[in-house]
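**Student:** Would you mind keeping the following structure in view while I ask a few things?
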Amino acid sequence: MPDDASSLLDSRGAELTVEEIARLASDILDRVATVVVGMRDAIELGLATILAGGHVLFEDVPGLGKTLAARSLASALGLDFRRLQCTPDLLPADITGSFVYAPATSEFVFRPGPIFTGLFLADEINRTSPKTQSALLEAMAEGQVTVEGQSFGLPSPFHVVATSNPIEYEGTYALPEAQLDRFMVRLSVGYPQRAGEAQILFNRVERRHEVASVERVIDATTLAAMQAGIERVYVEPDIVNYCVDLATATRDHQSVEVGASPRGSQGLMLLARACAVIDGRDFVVPEDVKRVVVPVLAHRLSLTTQAWADGTSGADVVTSIVAAVPGPPTVGQRPSTVRP
């Protein structure tokens with residue numbers, strides 16, 4: 001962690017101002033961009049999700065740098081990082097850990113699994129069975145795992161980044177709705193532009209080796225302070241109601257069988273606050289909500305059979321809802337009478 005960030009925490013405990021959080025976030029994004037090319041928007045939303053305390057699902061075709069993005073983000077944030085390659089024969093204990101017999105003491109002792117880390121990458125999560133995927137539910141919602149009736153707390157901060165391949169169906173399993181709902185956002189990386197792809201090749205030539213590394217910008221303590229700063233962002237009642245209206249509209253849409261849960265409307269508000277801080281504001285504006293509404297809500301929708309047959313996607317439904325639901329009449333600026 002840079003000395004200036006460390007001195008800020010030393011002088012004021014664990015409190016950071018919005019301007020300081022925005023500067024640190026910019027430094028993190030710039031550092032990651034030295035390795036991950038052409039993914040600035042996706043990485044920024046991924047960082048905002050972590051600042052908001054959420055989990056990220058990257059869904060796209062192989063070879064676009066999803067794993068590299070997760071690893072680079074963990075390095076810049078100073079978090080312990082573990083990657084688990086998901087396979088059909090993976091068991092829940094391979095994620096959470098299990099009790100093993102210790103001959104020296106003649107007792108069973110708990111051996112933690114790879115989930116006991118700061119940032120856990122579940123690579124190709126749709127390649128493992130729903131039973132194993134469910135091992136992540138408690139960890140993602142409560143920050144703990146329960147093994148044989150005993151609960152074990154996970155490190156804090158703790159975040160899950162998962163990747164999924166949407167084009168292969170053989171040997172894969174659809175993520176259950178409960179699992180999808182635990183991810184605050186689902187992001188698509190997309191192919192880089194020609195200049196970006198050329199830059200990826202130039203960077204590889206200059207490195208002279210395959211592995212790309214990112215230097216640490218902050219540490220887990222500073223990340224926790226940044227997350228605490230997000231909690232002080234002001235959200236006007238009209239914008240809260242706007243988040244609720246958007247989520248409610250998904251439940252009444254003709255193409256939707258099951259709409260977004262209250263966790264979806266809460267995710268809208270939380271992620272909008274993080275985006276506001278990254279932009280240097282301590283208040284949310286409607287544009288913050290509109291920016292994140294598709295990544296937050298689209299993957300939470302279960303569409304009707306007719307909608308699937310017509311080629312309608314969750315993103316299409318959410319986009320139409322944003323166009324139809326009136327925005328809040330106010331700009332969301334913090335009133336002078338409100339204290340941070």
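**Student:** Would you mind working out the magnitude of the charge dipole of region 233-324 relative to its Cα centre, with +1 at each Lys and Arg C-beta and -1 at each Asp and Glu C-beta, to the nearest 20 Debye?
**Tutor:** Here region 233-324 has a charge dipole of around 240 debye.
**Student:** Which whole DSSP H helices in the chain pass both tests: a Cα extent of 27 Å or more along the axis and a mean Kyte-Doolittle value no lower than -1.0?
**Tutor:** Going by DSSP H runs, there are no hits.
**Student:** Which Cα, out of 200, 244, 218, lies furthest along the positive dipole direction of region 200-270 (beta carbon charges, K/R +1, D/E -1)?
**Tutor:** In region 200-270, that residue is 200.
**Student:** Then there is this: Along the Cα-to-C-beta direction of residue 150, a point sits 7 Å from the Cα; which residues of region 93-132 have their amide N less than 19 Å from that point?
**Tutor:** It comes to 93-117, nothing else.
**Student:** Subtract the Cα-Cα distance of residue 219 and residue 207 from 0.36 nm times their separation in residues, and report this length gain in nm to one decimal.
**Tutor:** That works out to 1.8 nm of additional length.
**Student:** A further question follows. Which of the listed residues, 116, 16, 129, is farthest toward the dipole's positive end in the chain, when Lys, Arg count +1 and Asp, Glu count -1 at the beta-carbon?
**Tutor:** The residue sitting most towards the positive pole is 16.
**Student:** For region 3-226, what's the radius of gyration and Dmax over Cα atoms, in angstrom?
**Tutor:** 18.7, 62
A short reminder: the numbers here are calculations on the coordinates, not readings from a lab. In this text, all values refer to a predicted model and were calculated from it rather than measured experimentally. Note: ideal-geometry Cβ built from the backbone for every residue, glycine included; neighbour counts use all protein chains shown.
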